[in-house]
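Below is one structure; the comments refer to it alone.
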Amino acid sequence: MTQMPPLVALVGNPNAGKSALFNALTGARQKIANYPGVTVERKSGRASFADGRAVEMIDLPGAYSLDPDSLDEAVTRDVVLGNLSGHRRPDALVIVLDAGNLDNHLRFALELIALGLPTVVALNMIDLAERDGLRLDAQALAHELGVPVIETVAVRRRGLEPLMTALDGALKNPVAPIEPVATSFGAQNQRARDIADAAIISETAGRQWTRRLDAILLHPVGGVVILLALLFLMFQAVYGWSEAPIGWIESGFALLSDGIKNVMPDGLLRSFLTDGVIAGVGSVIVFLPQILILFLFILLLEASGYMTRAAFVMDRMMAAVGLSGHSFIPLLSSFACAIPGIMATRTIMDQKERLATILIAPLMTCSARLPVYTVIIGAFIPASNVGPGIGLQGLVLFGLYIAGILGAMLAAAVIQRFVTQSRTSSFLIEMPRYQWPRLGDIAINLWQRAWVFLRRAGTIIFAATIILWALLSFPKAPIGSNVSQVEYSVAGRIADGLEPIVRPIGFNHDIALALIPAMAAREVAVSALATVYAIDAADEDAAATSLGPKLAADWSLATALAFLAWFVFAPQCISTIAVTRRETNGWKWPIFMVSYLFVLAYAAAGITYWTARSFGL
Amino acid sequence: MQLDHLPLNQIAVIRSIDWESLPDHEGHRLRSLGFEPGVTIEALHKGILMWRDPLSVRVGRMTVALRTKVAAAIDCELST
């Protein structure tokens, strides 16, 4: 009979280095799912003891106590108490403590130890504590707590083996907790501080990097300039660094397409492969480099500890529209994708602020809009420089991001004033010490993001592309007629019905056509256009040129700008609507969100089109 | 002296906290971050531009950001 491997939960305060320890123990083979009944992300993975026996690890959301004030904290409490139905109670706990922050972190540790589960304490980030001039006595701490204490540096993989050995021992010989449960919060805090004092051997004024960096990064003026410069650099990098890899991917797909054309006779199957699959899926995969660069920046900002500083700098401005610095982090993540952004709102304590943040998250320009922006900007905006090192194309892209942000701010102010009717917001957050991000952790995370994107390209986008190809290819236009294939097809006829609605905002037949599948995923708008033009191409030479020049030849500048404006506010993809429904427990808010975004997008595209027309564009 | 009026970079001790004036969730989070009478505290930075809000303070060995409105509920005494 095989036995289930023991389940061990990593638990501790936010910023204790829990996830880094989890990555170090389990490696890259992690499973990401949700806890039963809630949308909190559950990360699990396998680790093994010295003799090879497996152990299943889960990484619980960071918490300050077993008395939760956020959804994340409630999950942590329910799992360690065994109260989450459908989830097995852990057999043991690894409490992750920030060695440099014992007096604040020990209180929660005491609460956890008192539960009586086999427990090991990982005294993590011991190197940072030493850097700051703190010397600790792990033995004394173990003596006071009554459980093994192992010094670890997760990011340098130090102390992992002793930790697993101690965990093995704790599982084999459970000891009753010696720690009496202190009744009041105050008494627990006092006890925590006493233990911390007993464990600290000496403390000298260290180099205090964090304080020095804060003096610069939180500077009343300098801090703002640095944050804006960082964001600008981020968006320029998304454009500039991705050029070469995008070229490689494009030529790869072109080679593939040519190869198929050389070996296959002209016909339906060849059209399906080259015009449908390669033109459609290829035009989306091309954007993988840009999406990874964006995620790279966001992951680095998070791992280094800068993200909460950005929240600090932004708090007052967010307060002006009824939000707080807490909303800044989910909103910044929404630049990569609104789905993790919306899930990250769970750390916001104020429920009205959380709802408002969810509702405006889709206005942050997510990476799925990048393909659309890139194609249109590439086709219509000249690649000239407006200043040293500042390209006009990058500047326009930056402007589109700013438009999204301003739209979001306006929407937030209106929502907080009239919809949630919230009077106040609050901002109260721990600011972790700065640390050098470990590239391995960043790499694991980037790989997970790339995989999610490619899976989407391989499933939703692949399916949407095929359906669209079929809708565009049938029924066949009669040979010799002067009606084009696209006009004659099923899709063309659907677009005919849609066209009168979007004609006033400057959209043509092709755009009407592309908007339908774009509801599944925004980047499909690009593959849809690519498929339309590939099928419509009269001869091989025209089909071989890429999408940009064709659009430039076919659309007016006013139409292109209106199309961009539409996508600044574009009604979000189906996945975002689904996650909003889950996070707000019903259809009321997702329907509200979709409606107001549609109205905004239509208005913005219309205003842009008619303004551009009046300037004669 | 209230925390929002504390001069920067001077060590002080929390004398009392007016829990009643704080919304429940803020009081609770403040407690779990280690704000208690008797704890050492130091104001480090004030927010951006003309607002000078929020504040970053050191509590024990932890750095916490909070708004001046919450800081006003925390009464401190400069250590001599």
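Observations on the structure shown:
- A Cβ-based charge dipole, computed about the Cα centre of chain B with Lys and Arg at +1 and Asp and Glu at -1, lands at about 320 debye.
- Per-q log10 I(q)/I(0), the protein assembly as shown, q = 0.05, 0.09 Å⁻¹ (Debye; single scatterer per alpha-carbon; no solvent): -0.28, -0.84
- Computed from the C-beta positions of residue A:611 and residue A:439 and an R0 of 41 Å, the FRET efficiency is 0.30 to the nearest 0.05.
- Evaluating 6.51 cos²θ - 1.76 cosθ + 1.60 at θ = phi - 60° for every residue in the range A:433-449, the Karplus couplings come out as 5, 6, 8, 6, x, 8, 4, x, 5, 5, 4, 4, 5, 5, 4, 4, 5 Hz, glycine and proline recorded as x.
- Once the gyration tensor of the Cα atoms in the range A:7-203 is diagonalised, the equivalent ellipsoid follows with semi-axes of 24, 20, 16 Å, ordered largest first.
- The coefficient of translational diffusion for the range B:3-78, derived via Stokes-Einstein from the alpha carbon Kirkwood radius under 4 °C and 1.567 mPa s, stands at 106 µm²/s.
- Considering only A:491, A:278, A:122, the residue lying farthest towards the positive end of the dipole of chain A is A:491, judged by Cα position with unit charges set on Cβ.
- Each stretch of four or more DSSP H residues adds -39500 (n - 2.57); spread over every residue of chain A, this sum gives -18000 deg cm²/dmol at 222 nm.
- Rel. contact order, % - alpha carbon contacts under 8 angstrom, at least six apart, the range A:218-366: 18 percent
- Taking amide H atoms as placed 1.01 Å from N in the peptide plane, the amide H of residue A:42 lies under 5 Å from those of A:33, A:34, A:35, each 5 or more residues away in sequence or on another chain.
- Computed FRET value (nearest 0.05) for residue A:140 with residue A:599, which takes r as the C-beta separation and R₀ as 51 Å: 0.20
- Shielding by other protein chains, B:21-32, mean Cβ within 10 Å: 5
- Simple rule: put +1 on each Lys or Arg Cβ and -1 on each Asp or Glu Cβ in the protein assembly as shown, find the dipole, and look at A:361, B:59, A:190; the Cα lying farthest toward the positive end is A:361.
- Packing-based order for A:606-615, B:11-20, using average beta carbon neighbours within 10 Å, highest first: A:606-615, B:11-20
- Multiplying the residue separation of residue A:556 and residue A:198 by 0.36 nm and subtracting their alpha-carbon distance yields 121.5 nm.
- Taking every residue in A:63-73 and counting other chain Cβ atoms within 10 Å of its Cβ, the average works out to 2.
- Eligible lysines near residue A:588 by straight Cα distance, threshold 21 Å, same-chain separation 8 or greater: A:352
- Where labels lie 7 Å past Cα in the beta-carbon direction, separation of residue B:78 and residue A:498 in nm: 6.8 nm
- Dividing the mean sequence gap of close Cα pairs (under 8 Å, 6+ apart) by how many residues the range B:3-78 holds gives a relative contact order of 43 percent.
- Each residue of the range B:28-39 was assigned a 3J(HN,Hα) from its phi angle through the Karplus expression (A = 6.51, B = -1.76, C = 1.60, θ = phi - 60°), giving 5, 5, 4, 5, 6, 7, x, 7, 8, x, x, 7 Hz with x at Gly and Pro.
- Ranked packing of A:302-315, A:380-393, most packed first, by mean Cβ within 10 Å: A:302-315, A:380-393
- Antiparallel DSSP beta bridges within chain A, percent to nearest 5: 50 percent
- Taken about its Cα centre, the range A:7-203 carries a charge dipole of about 760 debye when Lys and Arg each add +1 at the Cβ and Asp and Glu each add -1 at the Cβ.
- Compared with the dominant principal axis of the Cα atoms in chain A, helix A:524-536 is inclined by about 30°.
- Theoretical FRET efficiency, 1/(1+(r/R0)^6), r = Cβ-Cβ of residue A:224 and residue A:184, R0 45 Å, to 0.05: 0.60
- Gain upon complete extension [residue A:157, residue A:386; 0.36 nm per residue less C-alpha separation]: 77.7 nm
- On Cα atoms only, tilt of A:392-414 relative to the major axis of chain A in degrees: 70 degrees
- Across all Cα atoms of the range A:352-416, the radius of gyration (one decimal) and Dmax (whole number) stand at 14.7, 45 Å.
- Largest first, the three principal axis extents of the alpha carbons in the range A:184-278 are 81, 38, 26 Å in whole numbers.
- Average other protein chain Cβ within 10 Å of Cβ, residues A:310-318: 4
- Packing here is the average count of other Cβ atoms within 10 Å per residue, and on that basis the peptides A:108-117, A:588-597, highest first, run A:108-117, A:588-597.
- In a simple Cβ point-charge model (Lys, Arg +1; Asp, Glu -1; nothing else charged), the protein assembly as shown has a dipole of about 360 debye relative to its Cα centre.
- Length released on extending from residue A:216 to residue A:417, taking residue separation times 0.36 nm less the Cα-Cα span: 68.9 nm
Values quoted throughout were computed directly from the atomic coordinates according to the rules given, and no laboratory measurement underlies them. Every value quoted in this text rests on a predicted model; they were computed, and no experiment measured them. Ideal geometry is used to build each Cβ from the backbone, glycine not excepted, and the neighbour counts take in all protein chains shown.
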